[in-house]
Amino acid sequence: MEHVAIYPGSFDPVTNGHLDLIHRGLKIFDRIIVAILKNPKKQFLFTLDERLEMLRASLNGAPHVEVDAFDGLLVDYAAQRGASAVLRGLRALSDFEYEFQMALMNRRLNREIQTVFLMTGMRWIYTSSSIIKEAAQFGGDVKGMVPAVVNERLVAKFSRPADRR
């Protein structure tokens with residue numbers, strides 16, 4: 001039996017921390033579906049299509065990894081895709097509190113779907129999409145914290161007309 005995990009998130013944008021978690025998750029699972037939740041009520045820097053495109057480019061055809069988008073309940077999506085687990089990363093105690101609540105709710109909704117937590121690699125412990133966007137917005141160099149394609153998109157998104165000469 002194939003062990004499939006869903007790795008959900010907004011990935012706005014995908015970071016090297018996300019990619020590290022995916023690659024380490026493949027040591028546990030046969031296949032990982034990286035899934036972006038479609039949430040029209042939330043403001044994103046990048047469109048859904050841009051995020052899907054950047055994820056696919058960043059994964060560079062990694063075997064046993066699929067990129068998808070979904071709406072509705074995560075556990076319903078996981079069941080539809082034949083996944084037995086949800087993969088989540090933890091950076092700090094504050095992450096744990098939120099993720100623990102979500103895991104308990106998901107377990108209540110579907111006892112067949114397990115949540116597996118992986119600690120973020122030490123190199124990426126202080127990296128988040130929000131922090132990266134904020135740094136890039138004010139001209140900070142985030143190269144090395146995000147895949148090259150994401151860095152290019154962030155530079156293009158935040159460059160001012162005077163910077164484009």
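Filter the range 66-81 for residues that are surrounded by 13 or more Cβ atoms within 10 Å (Cβ to Cβ), of a type outside the set (Phe, Trp, Tyr) and closer than 21 Å to Leu104 by Cα and give the result. Outline the logic, then answer.
To start, the set of residues in the range 66-81 that are surrounded by 13 or more Cβ atoms within 10 Å (Cβ to Cβ) comprises 66-70, 73-79, 81.
Next cut, of a type outside the set (Phe, Trp, Tyr) only: 66-69, 73-76, 78-79, 81.
The answer is Leu73, Leu74, Val75, Asp76, Ala78, Ala79, Arg81.
Kindly establish whether Glu97 is at pLDDT 95 or above and among the acidic types (Asp, Glu).
Taking the combined requirement at face value, the residue does not satisfy it.
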Inset, instruction - With respect to Thr127, determine if the residue is surrounded by 11 or more Cβ atoms within 10 Å (Cβ to Cβ), closer than 19 Å to Ile6 by Cα and hydroxyl-bearing (Ser, Thr, Tyr). - result: no
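Mind listing whichever residues of the range 107-120 are crowded, with 18+ Cβ neighbours inside 10 Å and either at pLDDT below 95 or under 18 Å from the mean Cα position of the chain (by Cα) (or both)? If you could, list the steps in order and put the result at the bottom.
As a first pass, look at the range 107-120 and keep what is crowded, with 18+ Cβ neighbours inside 10 Å: 113, 115, 120.
Once the filter is applied, which keeps residues that are crowded, with 18+ Cβ neighbours inside 10 Å and either at pLDDT below 95 or under 18 Å from the mean Cα position of the chain (by Cα) (or both), the range 107-120 yields Thr115, Thr120.
Would you be able to say whether some residue in the range 82-89 is more than 14 Å from the chain's Cα centre (by Cα), in contact (Cβ under 8 Å) with a residue 60 or more places away in the chain and surrounded by fewer than 16 Cβ atoms within 10 Å (Cβ to Cβ)? Lay out the reasoning, then the answer.
From the range 82-89, those more than 14 Å from the chain's Cα centre (by Cα) are 82-85; that's our starting set.
If we keep only those that are in contact (Cβ under 8 Å) with a residue 60 or more places away in the chain as well, we get 82-85.
Then keep just the ones that are surrounded by fewer than 16 Cβ atoms within 10 Å (Cβ to Cβ); that gives 82.
Yes, the conditions are met somewhere in the range 82-89.
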Legend entry - Sole residue being in contact with a helix residue (DSSP H, G or I) (Cβ under 6 Å, 6 or more places away or on another chain) and either surrounded by fewer than 17 Cβ atoms within 10 Å (Cβ to Cβ) or in a loop (DSSP other than H, G, I, E, B) (or both), chosen from Pro8, Pro63, Pro13: Pro13
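What residue, of Val116, Val75, is touching a Leu at 6+ places or on another chain (Cβ under 8 Å), outside any helix (DSSP H, G or I) and among the β-branched types (Val, Ile, Thr)? Full working, then the answer.
On the way: Val75 fails: outside any helix (DSSP H, G or I).
Of Val116, Val75, the one residue that is touching a Leu at 6+ places or on another chain (Cβ under 8 Å), outside any helix (DSSP H, G or I) and among the β-branched types (Val, Ile, Thr) is Val116.
Is it the case that Ala136 is under 20 Å from Val4 (Cα atoms) and among the aliphatic types (A, V, I, L, M)? Steps first, answer last, please.
On the way: under 20 Å from Val4 (Cα atoms): no; among the aliphatic types (A, V, I, L, M): yes.
For Ala136, the condition - under 20 Å from Val4 (Cα atoms) and among the aliphatic types (A, V, I, L, M) - is not met.
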Legend entry - Those residues of the range 16-49 which are within 20 Å of Ile132 (Cα to Cα), surrounded by 17 or more Cβ atoms within 10 Å (Cβ to Cβ) and not hydrophobic (A, V, I, L, M, F, W, C), in sequence order: Asn16, Gly17, His18, Asp20
Legend entry - Residue count, the range 41-60 (criterion: assigned to a helix (DSSP H, G or I) and touching a helix residue (DSSP H, G or I) at 6+ places or on another chain (Cβ under 9 Å)): 7
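Do we find that Ala83 is closer than 27 Å to Arg31 by Cα, in a loop (DSSP other than H, G, I, E, B) and aliphatic (A, V, I, L, M) in this structure?
Working: closer than 27 Å to Arg31 by Cα: yes; in a loop (DSSP other than H, G, I, E, B): yes; aliphatic (A, V, I, L, M): yes.
So Ala83 fits the description; yes.
The values are calculated or read from the model by the stated rules, or taken from the named source; none is laboratory data. Just so we're clear, the structure is a prediction, and the values are computed from it rather than from any experiment. As a convention, Cβ positions derive from the backbone with ideal geometry for all residues, glycine included, and neighbour counts pool all protein chains shown.
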